[in-house]
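The values are calculated or read from the model by the stated rules, or taken from the named source; none is laboratory data. Since this is a predicted model, take the numbers as computed values, not measurements. Accessible surface is based on the protein model in full, side chains and every heavy atom, while ligands, DNA and RNA are left aside. Shrake-Rupley method; radii C 1.70, N 1.55, O 1.52, S 1.80 Å.
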Amino acid sequence: MNIDRFVMAFAGAMVLISLFLSLVHSQYWLFFTAFVGANLFQAAFTGFCPLAMILKKFGAQVGQAFR
């Protein structure tokens, strides 16, 4: 799995987990959902993604989006 796919899978999992937590625990978890969405949005335009930088340092295969 390359970095691009891992970032999208991780972000999707974080959105689903935070939505679930907002239903069963506290609605404040929706702020985390918004943070993940905002980070994906800015990464689409700037190419800056902290998770991609970490994965690259660990030697993950580079995809097309985060070179």
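Rank these by accessible area, largest first, 1.4 Å probe: Met14, Met1.
Met1, Met14
For the chain, give the percent of accessible area contributed by carbon and sulfur heavy atoms, probe 1.4 Å, rounded to a whole number.
Percent of accessible area from carbon and sulfur atoms in the chain: 72.
Remind me, relative contact order of the chain in percent, using alpha carbon pairs under 8 angstrom and six or more residues apart?
This gives 48 percent for the chain.
For helix 29-46, what angle does its Cα long axis make with the longest principal axis of the chain, in degrees from 0 to 90 and rounded to 10?
The helix 29-46 is inclined about 30 degrees to the chain.
When ligands, DNA and RNA are left out and all protein chains stay put, how many square angstrom of accessible area per residue does the stretch 1-48 have with a 1.4 Å probe?
75 Å²
Please compute one quarter of the surface area of the Cα convex hull for the chain and express it in square nanometres.
On the way: hull surface 17.9 nm².
With every direction weighted equally, the projected area is 4.5 nm².
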